[in-house]
Each structure stands twice: as structure tokens, then as C-alpha cells.
Amino acid sequence: MKARLFVEKMYKQGRIPNAILFYGKEGIGKREIASELAQAILCLKNQYPPCGSCTSCTLIKDFFSTPEEKLRVFGESSYGKEIFLYLQGDHPDFICIKPEKTEIKVDQIRALKDFVYIRPALSNKKVVLIQNAETMNLYAQNALLKVLEEPPADTFFILVCNNLHKILPTIKSRCFLLEIPPLTMDELTKRTGITDPTLLELADGSLKLLNQIKEKEDLVKTALNFLSGDIMTVYNIANKLDNLSEEDQMLFLKVLTFLIHKKYLKEKDDSYKLILDRLYSTMEYLGRGLNLTLLMFYIYLEGGNNLALHKGSLQGYKEDYAG
Ligand SMILES: [Zn+2]
């Protein structure tokens, strides 16, 4: 992979920036590259790829193979409530910040100070890995900015994000940005052995999505049925959605988004755009009690005229609803 080679080159030239931000679609291996870099920065033999056997490497490998529940560090928020701060294993110079649920909060970033401004204990450097950096709320991003403005020389910040436009420009300007491209179909096949072109296309370069899709092929079929269904099919599918697990709902919405996006690119009809916007915001706020059944009817009705997936019978419904 090109991006990985690029990182290796920077490392070997001793030019790893103090703050680096990996961005790109979900499930394409950003975290792998980020954790390998973290391990290499801390490696006692200063090797890239990391040696894998020094004390530092061993502890970092332990970290990534330990269940998260055992790594969670808690602290007190500014108003005295116990909150999740970050993940830390036995390596004293490495922590990983990630959202508790949907957000990385300002208290989590503030808690960094205790880590950032003490000297490294095992390696001669420290690494802060921030996963899903796009989930930092505005306060958290501003707090991080302050740290990045006066970065301690021995601390490296590695940010990983799926959605670059959610990162403040001021943070972006302090980070070295490195885009990780989606995996090609060949790469996906090589990694999974899956050759079915429909599944590969749906995965859209994401290994994570491909594995999910493979496991939940029935959900993919449901999404396809939804788009080609008559009102009764839609009704039946829509009614089932609110009972699915959040993970399955997300997968269903992703597949649906992908299919509609493809139609949009092909037909350039603006009503698809409306539907897509609605789908994106639904995915963003999923898990906050959104009603998916209603969303499905919205999509069905909004797209009714031109999703070209519906037959004429829909017209009457649309007018009824509008009237
Ligand atoms: Zn090592």
C-alpha cells in the first residue's frame, strides 16, 4: 500500500511530524497503519516496521490484543461525574482516545495534559492515538488545538478520521494530512477470498464493510428489495427496521446509501440528493432514537417519481400524502 510506504519513508528519514492525521473511508486499514506507526515511534530499536520483540513493541501488541473493557481509564469530569477518559494498557507512553459513544468530549482531551507533559517512562517518546477524531465535539477540538499549538517535543499525535470535513481547519493546519485510499477490488479479494462482484462493489473499498456484508447477506437483499419493492414490500421492510440492532440498521442504511448514490451518479437527479442528505444525517444520529420506519416511507415517497424502482402505483400515494 502506497500510504504505508510513504510513512515508512518519512520514518526512515526521521521526518515523522508531531501531529499526523490519517483520513479516508471507514474500514480501509487506517487504524492498522496508525497503530503500526505508533508502535514504530515507541520501538526501542527505532525500526519501521517495528521490531515486534522489544519490551515496548510487546506491550503495544498486548494493548491491541486486550479487550477494551480492560484498558478503560476513568476520571472525573469538570463537574465531578465519573467519565471514561481513554484507553491505556501497560505501556506507560501510549494512550488511545476514542469516543465513549458518539462523541469525544472536552474532558477527555483535557485529561491528556497529565500524560503529555510528563516525561516518557519506557520509550524516549510518547504517542497519543486519537481514533474517530471526527467525533471530537467543538470544545474538544479547541482543547486539542491548544495542545497542538505548543506540542511537547517528545509527544506524537496520531489522529485517525473517517470524515475530514468535521475537523476544524485550525487543527488540520497543525497536522500532516495523509489520505488513505479505499482498497481496490483486487486487494479486497486478496484479503478475504470473496470474489462475488456485487458484494465487492457494495463494499466500496472498505474491508470492514465487506466483512459485514458477507456476514449479513440477507440485509443486503432486504435493501435491494426495498428499492425495487411495491408499497407492501416497503411497508413490511420498514416496519421491521426499528427492531434491528443498531449495527444492522447502520449496515442497512449504508447499503441503501450506496445503491442510491450509484443511481444519483448515473442519473444526476436532485431528488436523490435530498434522500442521500437525509440518509447521511440519519446515520450520523443513529442510536438517538430515530424512527427508521418513517425514514423509509420518506425515501419511498420522495424517490417515488424517479427512483425508477417503483411502479406507477405509487403516484396515487404520493398525491394523497401531499394533499
Ligand atoms: Zn520494537
**OP:** Given the peptides 171-177, 106-112, arrange them by the average over their residues of other C-beta atoms within 10 Å, most packed first.
**Re:** 106-112, 171-177
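Would you work out the relative contact order for region 2-181, in percent, from Cα pairs under 8 angstrom that are 6 or more residues apart?
30
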**OP:** Just name one of Leu286, Leu202, Ser65: the one whose Cα is farthest towards the positive end of the charge dipole of the chain (beta-carbon charges, Lys/Arg +1, Asp/Glu -1).
**Re:** Ser65
Original post:
Among 238-245, 283-290, 160-167, what's the highest-first ranking by average C-beta atoms within 10 angstrom per residue?
Top reply: 160-167, 238-245, 283-290
**OP:** May I ask for the angle, rounded to the nearest 10°, between helix 246-267 and the longest principal axis of the chain, with both axes built from Cα atoms and the value confined to 0 to 90°?
**Re:** 70
Original post:
From the phi of every residue in region 9-18, what ³J(HN,Hα) in whole Hz does the Karplus formula 6.51 cos²θ - 1.76 cosθ + 1.60 yield, where θ is phi - 60° and glycine or proline is x?
Top reply: 5, 4, 4, 5, 8, x, 10, 5, x, 5
Original post:
So for region 80-148, what percent of the C-alpha to C-alpha distances run longer than 19 Å?
Top reply: 30
Original post:
Can you give the relative contact order of the chain as a percent, counting alpha carbon pairs under 8 Å and 6+ residues apart?
Top reply: 17
**OP:** Give a residue-ordered list of calculated ³J(HN,Hα) values for region 63-68 (Karplus: 6.51 cos²θ - 1.76 cosθ + 1.60, θ = phi - 60°; whole Hz; x for Gly, Pro).
**Re:** 3, 6, 9, 8, x, 4
Original post:
Relative to the longest principal axis of the chain, what angle (0 to 90°, nearest 10) does the C-alpha long axis of helix 217-228 take?
Top reply: 40
**OP:** Rounded to whole Å and ordered largest first, report the semi-axes of the equivalent ellipsoid of region 80-210 derived from its Cα gyration tensor (root of 5λ).
**Re:** 32, 17, 15
Original post:
Looking at the chain, what % of its DSSP beta bridges pair antiparallel, to the nearest 5?
Top reply: 25
**OP:** Might you tell me the accessible area per residue for the chain, computed with a 1.4 Å probe and given in Å²?
**Re:** 51
Subject >> D (Stokes-Einstein, µm²/s), Kirkwood Cα radius, the chain, 1.567 mPa s at 4 °C >> reply: 59
Original post:
Near His165, within a Cβ-to-Cβ distance under 15 Å, what is the net charge of the other residues, with Lys and Arg +1 and Asp and Glu -1?
Top reply: -2
Original post:
Using alpha carbons only, how many degrees (0 to 90, rounded to 10) separate the axis of helix 231-241 from the longest principal axis of the chain?
Top reply: 30
Original post:
Mean residue ellipticity at 222 nm from the helices of the chain, using -39,500 (n - 2.57) per DSSP H segment of n ≥ 4 over the full residue count, to the nearest 500 deg cm²/dmol?
Top reply: -15500 deg cm²/dmol
**OP:** Could you quote the convex hull projected area for region 26-120, Cα atoms only and averaged over all directions, in nm²?
**Re:** 7.0
**OP:** Return the tail of the calculated pair distribution for region 138-283, meaning the percent of Cα-Cα pairs more than 17 Å apart.
**Re:** 71
Original post:
So, counting K/R as plus one and D/E as minus one, what does the shell of residues with Cβ under 14 Å around Asn132 add up to?
Top reply: +2
Original post:
If you add up the charges near Pro49, with Lys and Arg at +1 and Asp and Glu at -1, over every other residue whose beta carbon is less than 15 angstrom from its beta carbon, what do you get?
Top reply: +2
Original post:
Can you give the Rg and Dmax of region 2-181 based on its C-alpha atoms, in angstrom?
Top reply: 15.2, 46
**OP:** In a Gaussian network model over the chain where Cα atoms closer than 10 Å are linked, find which of Gln47, Gln39, Gln131 has the largest mean-square fluctuation.
**Re:** Gln47
**OP:** Using the Cα centre as the reference, give the magnitude of the dipole from point charges on the C-beta atoms of the chain (Lys, Arg: +1; Asp, Glu: -1; all else neutral), rounded to the nearest 20 debye.
**Re:** 1000
**OP:** Positive end of the charge dipole of the chain (Lys, Arg +1 and Asp, Glu -1 on Cβ, about the Cα centre): tell me which of Ser78, Asn163, Gly89 has its Cα farthest that way.
**Re:** Gly89
**OP:** For region 91-98, just list the computed ³J(HN,Hα) in residue order, Karplus coefficients 6.51, -1.76 and 1.60, θ = phi - 60°, integers in Hz, with x standing in for Gly and Pro.
**Re:** 6, x, 10, 9, 9, 10, 9, 8
Subject >> Rg(Cα) / (2.2 N^0.38 Å) computed for region 230-277, rounded to two decimals >> reply: 1.29
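The values are calculated or read from the model by the stated rules, or taken from the named source; none is laboratory data. All values derive from a computational prediction rather than experimental measurement. Using ideal geometry, Cβ is built from the backbone for each residue, glycine included, and neighbour counts are taken over all protein chains shown. With ligands, DNA and RNA removed, areas are computed over all heavy atoms of the protein, side chains included. Shrake-Rupley method; radii C 1.70, N 1.55, O 1.52, S 1.80 Å.
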